[in-house]
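The values are calculated or read from the model by the stated rules, or taken from the named source; none is laboratory data. All figures in this text were calculated on a predicted structure; none of them were measured in a lab. For neighbour counting, all protein chains shown are included, and Cβ atoms are generated from backbone atoms with ideal geometry for every residue, glycine included. Areas reflect the complete protein model, heavy atoms only, side chains present, ligands, DNA and RNA absent. Shrake-Rupley method; radii C 1.70, N 1.55, O 1.52, S 1.80 Å.
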Amino acid sequence: MAPTGNYGQKTVITRACLPSLKFSYHKPLSTPPAFLTHLPPLLKTTTALRRQVRGLSPLFSAATVTTTAPTDVIIVGAGVAGSALAWTLAKDGRRVHVIEKDLREPERIIGEVLQPGGYLKLLELGLEDCLEQIDAQRTLGMVTYKDEKKIKMDYPLKKFSYDLTGRTFLNGRFVQRMREKASTLENVRMEQGTVTSLVKQNNKTVIGVQYKTKDGQELTAYAPLTVVCDGGFSTLRQSLCHTKVEVTSYTVGVILENCQLPLENYLHLIIGDPSFITFYRVNSTSIRCAVDILSKASLGGIANYLKTKVASQIPKELHDSFISAIDSGNIKIMPNSNLPTDPYPTTSGALLLGDAFNMRHSLTGAGMTVALSDVVVLRDLLKPICDLNDSTSLGKCLESFYILRKPMASIMNILADSLHKIITVTPMKKARKELGQVTLDYLELGEFFSSGMLSLITGLNPNPWSLVLILSANMLYGVGRLILPFPSFERLRDGARLVSSGSELMLPLIKAEGVRQTFFPASIPTFCKAPSDRLKEY
């Protein structure tokens, strides 16, 4: 059990609050915690704060703004991250107010692949039943195609005693099930509205949001913690982090009806020219085809591009259905964006989550795995805090969140962006092309070699040092293949070029994630030493 929320004028302190006496960032508490001397703890969204807010701007005058009932956590956005967080915090006794701009079922062509590591997090949150009644499909591994060569790779799942696989589905159905699940809890208030701005105290601490309801009414909601997870097109992230969004390519998606994959229950990756094509089943009758488009100019005549450039590269079993899908005209386009995590250190009371905070290429289907992992980390950090109005404890908790999330997030980000660059055709860089071939040949060596890479891609092994080890082994294999059996000057030169190309590719990605934060988190001054069970997971 977790802290008990307040639903009236009484405050209930349960045994669940007692473990917080041991929760310390630097040393054990020498004085009684604030919630024992300042009761009630969760009802401090009060008149004083509202007066200060109304004094900040004419927008917050009493004539135009109506305040809502006090709450513990405001969540902006009810996608995968927002809905999962609302469910888990409400289960822990928090009063949660979710504000989502559109509660209709979304239509997206990304966020349809849940890797096994993400499914583990879904189990940990108690949300696995959200995959029921949406015709979700099991995935057991991946099949890659390149130059008439096919490589089948199974997920490394043998060490798990229960039935663990990946899942694929239509994103909108999954999101709606999660929203319904969260709404079943009485302390979750899910409302349709558009958040226009964050409400700050002294231009520093976020104490709530201003938003417009579906019928146009302008309201202000207050809470000690605001979590912004309004997606990749977030309008609020600029208030909380450095915005360095870079569009790396575009995903063009179509749905193929009533056809069969060459190998059912596997993701299919075709490494073509100039980029890749993926196929996976989203329900029992439909298959998603996602085509990576590098140039925005190609989007102008996209139907013709798909027929003339892409159709000839896909398996013959899917060709006719692919052409029919193009002719139907139901073609959707989404940008693939890169957004490293770079939060403002001076902002308190608010947190970014999901694609609003961190994005990587969609090639590996890592988005939901990272988001669900972040929800688990945040849940465990917030559990010992009985009073979210304790700004010191909450501030240290949020600082610790940015460190504890790094192992999983950094690996998924680095692999997604590096693999996309490796398999993308770049005529000016011969060594990059050789690096891509080396990676495929390394995976083709067998289960021992492919399982290590897949354990990282799927989120089953969130250990940054495993990433270094496997990438080094991949590089050594490539160099050894070039210089053996008889080294020569030309072969040594090619080997050096391969290492240089790999370093040129990987080092900027690692730097963007933060070397110290990723590989040496314990050296960060604000690193939270508790709860210790979170560290064992990594």
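Summary of values
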read-out: Selected residue (criterion: modelled with the highest pLDDT) from residues of the range 315-361 that are aromatic (Phe, Trp, Tyr) and touching a Ser or Thr at 6+ places or on another chain (Cβ under 9 Å); value: PHE357
read-out: Selection count where residues are touching a helix residue (DSSP H, G or I) at 6+ places or on another chain (Cβ under 8 Å) and either open to solvent by less than 70 Å² (accessible area, probe 1.4 Å) or not in a helix (DSSP H, G or I) (or both), scope the range 474-511; value: 18
read-out: Residue within the range 430-451 that is at pLDDT 90 or above, over 24 Å from GLU124 (Cα atoms) and open to solvent by 60 Å² or more (accessible area, probe 1.4 Å) present; value: no
read-out: Tally, over the range 233-267, of residues that are closer than 18 Å to SER324 by Cα and among the polar types (S, T, N, Q); value: 2
read-out: GLY93 being open to solvent by 10 Å² or more (accessible area, probe 1.4 Å) and in contact with a Pro (Cβ under 9 Å, 6 or more places away or on another chain); value: yes
read-out: Every pair of residues 6+ apart whose Cβ atoms lie under 7 Å, when the first sits in the range 462-473 and is under 16 Å from PRO521 (Cα atoms) while the second is open to solvent by 50 Å² or more (accessible area, probe 1.4 Å); value: PRO462/TYR538; ASN463/TYR538
read-out: Residue within the range 384-391 that is assigned to a helix (DSSP H, G or I) and open to solvent by less than 20 Å² (accessible area, probe 1.4 Å) present; value: no
read-out: Residues of the range 140-165 classified as small (Gly, Ala, Ser) and over 21 Å from the mean Cα position of the chain (by Cα), total; value: 1
read-out: Of all residues in the range 166-198 being free of Cβ contacts under 8 Å to residues at least 60 places away in the same chain and part of a loop (DSSP other than H, G, I, E, B), the one that is most open to solvent (accessible area, probe 1.4 Å); value: GLU186
read-out: Residues of the range 265-279 that turn out to be at pLDDT 95 or above and part of a loop (DSSP other than H, G, I, E, B), as a count; value: 1
read-out: Condition met for SER284 (among the hydroxyl-bearing types (Ser, Thr, Tyr), touching an Asp or Glu at 6+ places or on another chain (Cβ under 6 Å) and open to solvent by 20 Å² or more (accessible area, probe 1.4 Å)); value: yes
read-out: VAL425, sole failed condition from (1) under 25 Å from THR248 (Cβ atoms); (2) in contact (Cβ under 8 Å) with a residue 24 or more places away in the chain; (3) part of a helix (DSSP H, G or I); value: (3)
read-out: Residue in the range 309-317 that is open to solvent by less than 10 Å² (accessible area, probe 1.4 Å) and closer than 26 Å to GLN437 by Cβ present; value: yes
read-out: Residues of the range 109-139 classified as surrounded by fewer than 17 Cβ atoms within 10 Å (Cβ to Cβ) and within 21 Å of the chain's Cα centre (by Cα), total; value: 5
